[in-house]
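A.B. asks: Have a look at this one.
The values are calculated or read from the model by the stated rules, or taken from the named source; none is laboratory data. Everything numeric here is computed off the predicted structure, so don't read it as measured data. Cβ atoms come from the backbone with ideal geometry, glycine included; neighbour counts cover every protein chain shown. The area values use the complete protein model at the heavy-atom level, side chains included, leaving out ligands, DNA and RNA. Shrake-Rupley method; radii C 1.70, N 1.55, O 1.52, S 1.80 Å.
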Amino acid sequence: MQANTPLPNPSDKAAPPSRPPLQSVAQALNTLLDAAAPVAGVETVSTLDACGRVLAAPVQAHINVPGMDNSQMDGYAVRAADCVSGQARLRVSQRIPAGHVGQPLQAGTAARIFTGAMMPEGADAVVMQEACEADGEDVIVRHLPKPGEWVRYVGEDIRQGSTILADGTRLRPQELGLAASVGQAELSVRRRVRVAVFFTGDELTMPGQPLKPGAIYNSNRFLLRGLLEKLGCEITDYGIVPDNLDATRKTLREAAQQHDLIITSGGVSVGEEDHVKPAVEAEGRINMWQIAMKPGKPLAFGEVNRPTAQEGRAFFIGLPGNPVSSFVTFLVFVRPFLLRLQGWPREAVLPQAVTMRADFDWTKADKRQEFLRVRRNANGGLDLFPSQGSNVLTSTVWADGLVDNPAGKTIAAGDTVSFISFQDLLS
């Protein structure tokens, strides 16, 4: 007779699958930046319209700047050898405004000259008008000029044939001015990064609509679109997507077709109603999930496959639903990732932190790396916003930067901390 098989004990349940350890902020950033590469596609735009774009080719100078020796000052062009007395009286032989060409300067004469005007042949110095006294048709030079004084020489700023802007340069107003100074009317730039955004959560309501019980206004839509616009992205906004798996998968498939990156807000946590992560896994894959940071732990990074007829995939970044978490994770992860897609060199995409004095106490160390909302004060230190909750959006308006606080570290007033300004993070 066989022994009876023991009945299963209801309390004996299979252990839940173990989750991988949380990635550190540094590990997560490396994962994103290892995957990112500048987008393909180049376009030529007017230099007037190129602000904020990223160069796809270096800019070389085809002329010298300045193109001729010219005056740095309003004054008198002279021969230095004619002014050794310190009280030289010279006849004013000509007047040379900017944009005009003077006659050769004869010995014993001076030319009235204006800033930017071409130096006449024979002159080797400019005496500023404050050191001169006009006397009828003469000028008395009360100065001992040296050859080259107040003269800008040809090619002093830019030499013909030199590279003035490198591939990958993000064009600010000063770069546009530099390109224009060598006559560059058009610039070759990378196309804009195409980003699709959508938002999940049945509780979300748009401003202007009645707020039903249990609902909240969709602040993240305005926050993320504003951040993407500041970075010069081409944005497609799919709005609020119904909070179910099928609708999320459909939107992901549609967004993947024409976009480089899909960004979502909400739905990447561990709840039964969080459908974004399983939707991405069904349409592509998740390469990274959950970061050892506060706020912003439930961040996901992956890829969404394009239709069979198309090659490639769209990148996916799922941001947390809490507005401060969404804001901070965008600045820490999405911004450098987008800058890399735009063509910035990898070493240039991370903001530079500065050391400052904390004028506050932070007594409870967290196991995760923390990003605290702070504001510079009149005494050269940093004040802490009283509430550091991930839902307290007022903290992002009050603050002017973040303290990057390592895991397990407390802060006492007077300690030095690592500060990153919003001015750097939002530029």
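A.B. asks: Just to be sure, is Pro386 surrounded by fewer than 20 Cβ atoms within 10 Å (Cβ to Cβ) and without any contact (Cβ under 8 Å) to a residue 12 or more places away in the chain? It would help to see each step written out before you state the result.
C.D. replies: Numbers: surrounded by fewer than 20 Cβ atoms within 10 Å (Cβ to Cβ): yes; without any contact (Cβ under 8 Å) to a residue 12 or more places away in the chain: yes.
Yes; evaluated as a whole, the condition is true for this residue.
A.B. asks: I need the strands (runs of 3 or more DSSP E) fully contained in region 258-367, keeping only those with at least 3 residues that are of a type in the set (Val, Ile, Thr) and buried (at least 24 other Cβ atoms within 10 Å of the Cβ).
C.D. replies: Hits in region 258-367: 261-265.
A.B. asks: Being open to solvent by less than 40 Å² (accessible area, probe 1.4 Å), modelled with pLDDT of 95 or more and not in a strand (DSSP E or B), is that true of even one residue in region 405-417?
C.D. replies: no
A.B. asks: It is to be established whether one or more residues within region 146-157 are open to solvent by less than 80 Å² (accessible area, probe 1.4 Å), modelled with pLDDT of 95 or more and within 30 Å of Gly52 (Cα to Cα).
C.D. replies: Yes.
A.B. asks: Quick one: would you say Ala98 is in contact with an Asp or Glu (Cβ under 8 Å, 6 or more places away or on another chain), more than 23 Å from Lys230 (Cβ to Cβ) and in a loop (DSSP other than H, G, I, E, B)?
C.D. replies: On the way: in contact with an Asp or Glu (Cβ under 8 Å, 6 or more places away or on another chain): no; more than 23 Å from Lys230 (Cβ to Cβ): yes; in a loop (DSSP other than H, G, I, E, B): yes.
So Ala98 does not fit the description; no.
A.B. asks: Output the qualifying pairs, or none if there are none: Cβ atoms under 9 angstrom, residues six or more apart or on different chains, first residue in region 277-303 and under 16 Å from Leu331 (Cα atoms), second residue β-branched (Val, Ile, Thr) and open to solvent by 30 Å² or more (accessible area, probe 1.4 Å).
C.D. replies: Hits for this filter: Pro298/Val270; Ala300/Ile286; Phe301/Thr31; Phe301/Ile286.
A.B. asks: If I ask for residues that are in contact (Cβ under 8 Å) with a residue 40 or more places away in the chain and within 24 Å of the chain's Cα centre (by Cα), which ones from region 391-406 would you list? Reasoning before the result, please.
C.D. replies: So in region 391-406, the residues in contact (Cβ under 8 Å) with a residue 40 or more places away in the chain come out as 391-393, 395-396, 402-405.
Leu393, Ser395, Thr396, Leu402, Val403, Asp404, Asn405, listed by residue number.
A.B. asks: When the residues of region 229-253 are narrowed to those that are of a type in the set (A, V, I, L, M) and modelled with pLDDT of 95 or more, which ends up surrounded by the fewest Cβ atoms within 10 Å (Cβ to Cβ)?
C.D. replies: Checking each candidate, the answer is Ile235.
A.B. asks: Modelled with pLDDT under 95 and more than 20 Å from the chain's Cα centre (by Cα): which single residue out of Gly52, Gly75, Gly41 fits that description?
C.D. replies: Numbers: Gly52 fails: more than 20 Å from the chain's Cα centre (by Cα); Gly75 fails: modelled with pLDDT under 95.
Every option except Gly41 fails the conditions.
A.B. asks: Only strands (runs of 3 or more DSSP E) wholly contained in region 169-252 count here; list those with 2 or more residues that are over 30 Å from Asn64 (Cβ atoms).
C.D. replies: Values: elements: 186-190, 194-200, 234-241.
Passing ranges, in order: 194-200, 234-241.
A.B. asks: Output yes when any residue across region 110-117 is of a type in the set (D, E, K, R) and closer than 30 Å to Gly177 by Cα, and no when none is. I'd like the intermediate steps shown before the answer.
C.D. replies: Residues of region 110-117 of a type in the set (D, E, K, R): 112.
Keeping just the survivors that are closer than 30 Å to Gly177 by Cα gives 112.
Scanning region 110-117 turns up at least one residue that is of a type in the set (D, E, K, R) and closer than 30 Å to Gly177 by Cα.
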